[in-house]
Amino acid sequence: MIRIEDVTKVYKTSTRPALNNVSFEVDKGEFVFVIGPSGSGKSTFLRLLLREETPTKGKIYISNVDVAKMPRRKVPRLRQTIGCVFQDFRLLSNKTVFENVAFALEVIGKPAHTIRKVVPEVLELVGLDGKSDRMPNELSGGEQQRVAIARAFVNRPLMLLADEPTGNLDPDTSQDIMLLLERINRTGTTVLMATHDHSIVDSMRRRVVELEFGKVIRDDARGVYGVGN
Ligand code: ADP
Ligand code: ADP
C-alpha cells in the first residue's frame, strides 16, 4: 500500500539529507514502528506521506499513486485517507469531545444525521462513551489521546500515522493507548508509529524500521527496540 523508492529529502536550509536514499514497502494492514534517534528522519518520513513535504529525489506511492507528483488540488483527498495522531494531542480546546470528533466529519461535508450516528460509535470504540460533553482540559492525557485517536479514525482512514503518541503519557496509560491502536489495526487500518518508547516496541513485537542519519539501518518483521539504544 505504501512504496517508498530511493527517497532522499534535503531541506532547503540544510546540507545533510534528512532522508538518504530510503526504500521500503508497507502492506495494507501492517503495524510498523519507525524508530531512531532524534533527527534521524522519522517525522520527515511521515510528512512526506502527507505531502506536507515533497522528496528531493525518489518516489512515494500510496495505493499506487505517486504522492509527490499529485496535483495540489488532490492533496486534501489524500489527507482524508490518512489519520494523524501526535504526542501533544492537538485537540481543539474550545470544543467538546463530541465536537472535536464531529469536526473531522464536518470539514468533509458529512451530513448531521451521519455525524450524530457515527461519533458516538467511535467514542465507544475508544472507550470514551459518557464523556462526549467534556472539554479537553477536563480529561486526563490518556483520555485526550483517545479523543485524538477517535478523531483520526472516524473517517475510517486507510492508514493511521502516529508521531510519538505515547510521548506525554505514563507507562500504564501508554499500554492502554497501544491496545487501542492494535484494535484499530485489526480493523484493517495500516498503522505507522514513530516512537522512542523502548518498552512498547519490545512488548508489541511488530515490524520495526530503524532510521539513523536518514538511512534505514534495520527492518525486522518482529523487532525489538534494539540493544545499545
Ligand atoms: P526525527 O523525527 O527522527 O527527529 P526529523 O525528520 O524531524 O527527524 O529530522 C531529520 C533531520 O532533518 C534533522 O536533521 C532535522 O533537523 C532536519 N529537519 C527536519 N525538519 C526540517 C525543516 N523543516 N527544515 C530544515 N531541516 C529540517
Ligand atoms: P519531533 O521530533 O517532535 O517530531 P521535529 O523536530 O521533527 O519534532 O519537528 C518539529 C517542527 O520543527 C517541525 O515542524 C519541523 O518541520 C521543524 N524543524 C525540525 N527541525 C528543523 C530544522 N533544523 N530547521 C527548521 N525547522 C525544523
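Consider segment 130-166 and keep the residues that are open to solvent by less than 40 Å² (accessible area, probe 1.4 Å) and part of a loop (DSSP other than H, G, I, E, B). The one that is nearest to ligand 1 (Cβ to nearest atom) is Glu164. Of all residues in segment 19-34, exactly one satisfies the criterion of being surrounded by 16 or more Cβ atoms within 10 Å (Cβ to Cβ) and acidic (Asp, Glu), namely Glu30.
Candidates in segment 168-184 are the residues that are within 29 Å of Arg77 (Cα to Cα) and not aliphatic (A, V, I, L, M); of these, the one that is most open to solvent (accessible area, probe 1.4 Å) is Arg183.
Residues in segment 36-57 that are within 9 Å of ligand 1 (Cβ to nearest atom) and crowded, with 20+ Cβ neighbours inside 10 Å: Gly36, Ser40, Gly41, Lys42, Thr44, Phe45, Leu46. The helices (runs of 4 or more DSSP H) falling completely within segment 1-115 that include 1 or more residues that are touching a residue at least 24 places away in the same chain (Cβ under 8 Å) and away from ligand 2 (no atom under 16 Å from the Cβ) map to 75-80, 97-106.
If you check Lys12 against the conditions, is it in contact with a strand residue (DSSP E or B) (Cβ under 9 Å, 6 or more places away or on another chain) and farther than 23 Å from Phe86 by Cα? Taking the combined requirement at face value, the residue does not satisfy it. Across segment 61-116, the qualifying residues are those that are small (Gly, Ala, Ser), in contact with a Pro (Cβ under 6 Å, 6 or more places away or on another chain) and surrounded by fewer than 19 Cβ atoms within 10 Å (Cβ to Cβ), and the one among them that is nearest to Gly29 (Cα to Cα) is Ala68.
The values are calculated or read from the model by the stated rules, or taken from the named source; none is laboratory data. Predicted model, so just to flag it, every value in this text is computed and none were measured. Methodologically, a virtual Cβ is constructed for each residue, glycine included, from the backbone with ideal geometry; neighbour enumeration extends over all protein chains shown. These accessible areas exclude ligands, DNA and RNA; they are computed on the full protein's heavy atoms, side chains included. Shrake-Rupley method; radii C 1.70, N 1.55, O 1.52, S 1.80 Å.
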